[in-house]
Amino acid sequence: MRDLLMIIAMLFIMQHTKAQGQWDEVNNIKLAGLYYTGEAYGAKRTEVYCSAMLSLVNKINAKQIERGERLITEDMIKGKEKAIQIPSEEGVRVFLYIPKKDINSLVNVVAQNSPAAPSTPTSTTTNTQSETGTTAHGSENSNPQIKQDLEFAPTIVYGKRQSLISQLTKTEVFSSVEFILKQAKYDDPTLVYGKANKVGNTDDCYMIIVNKNMYVEAILSAKVNGKRTNLNTRQQQEKKDFPNCAVIYFK
């Protein structure tokens, strides 16, 4: 019995020593200033890891927004992050980190490989005809009615939301949308966003379409002549074109 107690005591000391070493490593990483970090705590490792990843993505995008640069998504850094997991009796703390230089390189590569961002939308036939070959998902579009709608798409009036819309149209995940809207609300208290019952007349609002996997499907303009326009594809679309998706309104 005495031997068993000694073994248990030694294991406890070893675990405590290891945990202390991990905490020291976490603190050193934070103090170095060379990494983006995210962390979370809870009982279930999988859920905690997801929360830590969301924290990491949000911190990276906070800096990207500050610099006016392209936002990143979780998929872009998946597998590139390093993790430190510190267990305890109540659960586990997951600490994720990734070098800042890796993010800068990643953003530059994505920017080089991506097509140029669309110019300010207009109702001219020249601009719309050049984009009738693809839909929001990049597939071919041979529907003559859609082509006709594209050719006569209404002018989109951005007003004072031009900067906000420019950021949102580069965003792919809901977590980034949420962060951008909160920051925009802080900078401009007149911004209104949320569900339909929070924004008043939805016809005057832009629509952010989010699928069940929390990815942004599209951002639609406010109604002009009774119709909305997809801000990325210039195609006239409505909520009904995105079944099983949620909507966030803003104006």
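The values are calculated or read from the model by the stated rules, or taken from the named source; none is laboratory data. Remember, predicted model here, so these are calculated numbers, not experimental data. SASA here: full protein model, heavy atoms, side chains in, ligands and nucleic acids out. Shrake-Rupley method; radii C 1.70, N 1.55, O 1.52, S 1.80 Å.
Using a probe of 1.4 Å, the accessible surface attributed to LYS195 totals some 140 Å² when neighbouring protein chains are kept in position. Determine the alpha carbon to alpha carbon distance for each of LYS63/LYS195; LYS30/LYS82; LYS63/LYS182; LYS101/LYS185; LYS100/LYS212; LYS182/LYS223 and list only those over 20 Å. The answer is LYS63/LYS195; LYS101/LYS185; LYS100/LYS212; LYS182/LYS223.
Can you tell me, using C-alpha contacts under 8 Å and at least 6 residues apart, the relative contact order of region 173-251 as a whole percent? Before the final figure, lay out each step's value.
Working: 130 pairs, mean separation 25.8, N = 79.
With pairs under 8 Å counted, the relative contact order is 33 percent.
Of the residues MET76, MET53, MET214, the one with the largest accessible area comes first in the ranking MET214, MET76, MET53, computed with a 1.4 Å probe on protein heavy atoms. Accessible area ranking (1.4 Å probe, heavy atoms, ligands and nucleic acids excluded), largest first, for ARG93, ARG228, ARG67: ARG67, ARG93, ARG228. Per-residue accessible area for GLU47 at 1.4 Å probe radius, Å² rounded to 10? Looks like 110 Å² after rounding.
By a 1.4 Å probe calculation restricted to protein chains, GLU25 has an accessible surface near 80 Å², given to the nearest 10.
Couplings 3J(HN,Hα) of region 168-180, computed from phi: 5, 6, 9, 9, 10, 10, 4, 4, 6, 4, 4, 5, 4 Hz, in residue order, whole Hz [Karplus 6.51 cos²θ - 1.76 cosθ + 1.60, θ = phi - 60°; x for Gly and Pro].
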